[in-house]
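Here, each number is a calculation from the coordinates, and none is a lab measurement. Computed from a predicted model, the values in this text were never measured in an experiment. Positions of Cβ are backbone-derived with ideal geometry, glycine not excepted, and every protein chain shown enters the neighbour counts.
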Amino acid sequence: MFKRTDIELKLREDRDKNQNQGALDTLLREIQVSPAGRREPEEKGPALPPVNQFEFDLLDTSRIYHLDQIRNICIDYRLRFLDLSYFRPQMPQEAKNAITELEGSHNTRLDGMKILAPSRLFKLEDKDDPLLFVPMGNNYFYLIHKWGNDLHPLRKWLVWPFKNVANLTLCVLMFSYMLALLVPDGLFSKNNSAAEFWIIFFFIFKSVAAIVIYYGFAMGKNFNPAIWNSKYFNA
C-alpha cells in the first residue's frame, strides 16, 4: 500500500535542499589540499576522526554528505551513525567489493568507516537499509555502499514522538484525549458534564504520562538528538 522509505534518497533530498553544489566543490578541493582534522604529533586534545586521502576528480560528488545532513536523517528516522566496529551483521560481499574498488582507484587504505542504520543492527543481525560511509575531512563523508531493504514507509511518523519532549507530550495528550472519549457516559456520575469529562481526561493523562516516564527511565531510553551517534545500545 505504502512505498518503503529509501533512506539514501531522503538523505540526498535533504542535501540538495540545503546545500549549494558549487560551495561543496570548493570545500572539497580545499580538503584535498589541506585535509581537516589532522594534528601534529606534539598537539594535545581530544582525538579527531581520521581523514582519508582521495583523488577528487575520481569521486562521485553525488555521494558526498555533510555530517549535519546525516544527523538530520538520523533524528527524523531514529537511526544511528556509528563506527563500523559496532556493526554486528556480516557485511555483504558487494560492500566489501565496493571498499576494495574505492581503495584501488584512489591508491589508499580507507580508515574510520561508519554505518548509518537502525539501532537494532548494531546488536542483532537484520537486513534493513545500512549505508556505509568513510570520512573525508571537514565533517564530510563519502557514501561507499548501500545494501539491504528500505525502511518501513511509516517509520518517520512512528518515531516522531521521540524527537523531543514537546512531541512526546503532544502524543500523550492526544492519546489520553482519545481514551477519555471512549469512557462510557454516566460511568462515574449520573449527570454528564464537561467538568466530568475533563476530570476523567486529566486522570487518564496522568496515568499514561506516568507509564511513559517509567518506561523511559526503566529502559534507559532517550530522544533522537541524543542517541543518533551514541554507542550505547539501550539509549
Query raised in the report: Taking amide H positions as placed 1.01 Å from N in the peptide plane, with prolines and chain starts having none, which residues 5 or more places from residue 145, or on another chain, fall under 5 Å of its amide H?
Result: 132
Query raised in the report: What does a probe at residue 17 reach in the range 164-179, counting residues whose amide N is under 20 Å from the point 7 Å along Cα→Cβ?
Result: 164, 167
Query raised in the report: Put a dot 7 Å past each Cα toward the Cβ at residue 185 and residue 158; how far apart are the dots in nm?
Result: 3.8 nm
Query raised in the report: Whole-Hz Karplus ³J(HN,Hα) for the range 68-83, in order, using 6.51 cos²θ - 1.76 cosθ + 1.60 and θ = phi - 60°, x for Gly and Pro?
Result: 5, 5, 5, 4, 4, 5, 4, 5, 5, 10, 6, 10, 10, 10, 10, 4
Query raised in the report: Points 7 angstrom from Cα along the Cβ direction at residue 169 and residue 108: gap in nanometres?
Result: 4.6 nm
